[in-house]
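The values are calculated or read from the model by the stated rules, or taken from the named source; none is laboratory data. In this text the structure is predicted, and so the values were computed from the model without any measurement. All Cβ positions, even for glycine, are placed from backbone atoms using ideal geometry, and neighbour counts span all protein chains on display. Areas reflect the complete protein model, heavy atoms only, side chains present, ligands, DNA and RNA absent. Shrake-Rupley method; radii C 1.70, N 1.55, O 1.52, S 1.80 Å.
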Amino acid sequence: MGDDFDAIVVGAGFAGCSAAIRLAQKGANTLLLERGAEPGVKNLSGGILWGHDLDPILPKWQEEMPLERHIVSKRFGFLTNDKALSFEYRDESWSRPPYNAHSVLRARTDAWLAKKAEEAGATLVSAVPVDKLHVENGKVRGVVQSGEVMTAPVTIVTDGYNSRTTLGTEIRRGNPPRANQGQQRLPEDHTEVGVKEVYKLDPSVIEDRFGVQGTEGRAQEWVLGFLPPGIMAGGFLYTNRDTLSLGMIVQLGSLKGRGVASHEIIERFKLHPAIEPLVRGGELVEYGAKLIPDGYASRPDRLWGDGYLVAGDAAGFVFSNGIVIQGMSYAARSGILAADTALDALSSKDFSSSKLSAYGDRLVRAHVLPDFERFAGMDRVKWNSRIYSEYPEMLTQLFHDWMTAGPSGHPAVAGVALRTAISSKVGWMPLLRDLVDSAREV
Ligand SMILES: Cc1cc2nc3c(=O)[nH]c(=O)nc-3n(C[C@H](O)[C@H](O)[C@H](O)COP(=O)(O)OP(=O)(O)OC[C@H]3O[C@@H](n4cnc5c(N)ncnc54)[C@H](O)[C@@H]3O)c2cc1C
């Protein structure tokens, strides 16, 4: 008996929609399944969409997609209890087409992308939480939902990091999640928790506060150096058209046993003297939390096999080095590459693991795997507890001593830096090692 579809895509996020659009555009009979009542309602992203990864499937996406603001500057810095130290990069070339990055709200973008998949000819079915992959003779041949089997010779798995469909399969037998006394769990040291709040504000207030005009926007990211020692978290604040996205990302393992909940961290971030005036008066309109993979260390065991391909967060493709987080662009890129591999398989009617391994070659040529391999040591640098405790204090103290007017005249910066380094709790060797590590890995 024939299959129900040529291809099934599980999860209508950036990866799944991109895959479904490509498949349908090339004439494949494609089923796109989404567990949320509508695409986007379950999704959460900071979110800055970097780059142009949708170009191959939607050449006019920048004109048509519900984007918020195009990002013209990026601020990065450190917050301590009462101080803030940051630098801002502004680039005029980012303010004209083809633009470099846009702030987005996923409820809007994902719904739009899913609609594009339907317009291309894919069948979208929402409110369908796929239970598992359907396996026949050791080969994936579709999916199972509430006991009903839907078949296709190739399935693209794009159901996010906390992927239910890959649990306990050869895709995630080992890392992650690891087997834990019969249960599966995500590796805490390679998993981040993201929490986001959206605040409604008049666009003119946003423009005044952030010094932007029209559809210009700004992105800010902060190391949160005011938390109890050991907790490693960063905060972000992005401008949308008439809202602000405020959120934080914390390493899951660093929260353990410290008695601080993620909502307390976001609250303290929001009330920081450098942040509060920017958000003041905003009305909370959205709140959500989600797990994020930590790049290469969070990858599953397999990215393809007999009858299946894995893309997006489900494949661990989130690039985050503490200064930039990029998951949506890799999700779109890997989704398209998975679709191209599935299309080749459909033409040759060969859905074996060896045929689908061409996906690996495509991921290499499109710089997905090389990016993650090249920066495989990044989480060692990013999750160095000194970045969240000693360095914010040390750096803000340096500027305090250098810039605070006092009775003993204006100090020379070299002298202040030397005194700060000597009095800091960080020894010379760790400081040197951290500098070398950062230069190499970030
Ligand atoms: C707080 C936060 C901030 C972030 N900031 C940024 C940022 O600024 N820039 C950036 O590029 N990235 C950012 N990311 C990462 C980015 O959101 C992800 O990398 C991206 O969403 C991955 O897309 P995806 O399609 O692979 O997975 P997802 O977006 O997770 O989509 C998976 C889809 O599958 C559906 N699904 C799940 N299980 C099932 C099932 N069993 N059956 C059917 N459907 C299912 C889900 O409902 C969802 O629609 C951020 C993430 C968080 C949490």
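Things worth noting here:
Let's see how each residue does on (1) in the same structural domain as TRP222 (by TED's automatic domain parsing); (2) not in a strand (DSSP E or B):
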site: VAL250; (1), (2): yes, no
site: ARG258; (1), (2): yes, yes
site: VAL285; (1), (2): yes, no
site: ARG302; (1), (2): no, yes
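- Test for ASP294: is it in contact with a His (Cβ under 8 Å, 6 or more places away or on another chain) and touching a residue at least 60 places away in the same chain (Cβ under 8 Å): yes
- Members of region 355-373 that are of a type in the set (Val, Ile, Thr) and closer than 16 Å to HIS52 by Cα: VAL368
- Meets criteria (open to solvent by 60 Å² or more (accessible area, probe 1.4 Å), more than 16 Å from the ligand (Cβ to nearest atom) and within 27 Å of GLY40 (Cβ to Cβ)) for GLU264: no
- Comparison of PHE399, PHE375 shows that the only residue that is modelled with pLDDT of 90 or more and either of a type outside the set (A, V, I, L, M) or open to solvent by less than 30 Å² (accessible area, probe 1.4 Å) (or both) is PHE399.
- Hits in region 267-278 - residues which are in contact (Cβ under 8 Å) with a residue 40 or more places away in the chain and either open to solvent by 50 Å² or more (accessible area, probe 1.4 Å) or not assigned by TED's automatic domain parsing to the domain that holds GLY225 (or both): ARG268, PRO273, PRO277
- Number of the condition not met by ALA219 [criteria: (1) open to solvent by less than 10 Å² (accessible area, probe 1.4 Å); (2) modelled with pLDDT under 95; (3) within 14 Å of the ligand (Cβ to nearest atom); (4) in contact with a strand residue (DSSP E or B) (Cβ under 6 Å, 6 or more places away or on another chain)]: (2)
- Being in the same structural domain as ARG374 (by TED's automatic domain parsing) and over 17 Å from PRO370 (Cα atoms) holds for only one residue in GLY281, GLY322, and it is GLY322.
- The lone exception for TRP304 - which of (1) open to solvent by less than 20 Å² (accessible area, probe 1.4 Å); (2) more than 23 Å from PHE236 (Cα to Cα) it fails: (1)
- Of the residues SER334, SER320, SER329, the single one that is hydroxyl-bearing (Ser, Thr, Tyr), within 13 Å of the ligand (Cβ to nearest atom) and either without any contact (Cβ under 8 Å) to a residue 12 or more places away in the chain or open to solvent by 10 Å² or more (accessible area, probe 1.4 Å) (or both) is SER320.
- Single condition VAL285 does not satisfy, out of (1) within 13 Å of the chain's Cα centre (by Cα); (2) surrounded by fewer than 16 Cβ atoms within 10 Å (Cβ to Cβ): (1)
- Breaking point among (1) closer than 19 Å to ALA107 by Cβ; (2) more than 12 Å from the ligand (Cβ to nearest atom); (3) assigned to a strand (DSSP E or B), for ARG241: (3)
- Considering residues of region 337-372 that are among the basic types (Lys, Arg) and surrounded by 13 or more Cβ atoms within 10 Å (Cβ to Cβ) only, the residue farthest from ASP294 (Cα to Cα): LYS355
- Here LYS290 meets each of (1) basic (Lys, Arg); (2) under 29 Å from GLU267 (Cβ atoms); (3) part of a loop (DSSP other than H, G, I, E, B) with one exception, condition (3).
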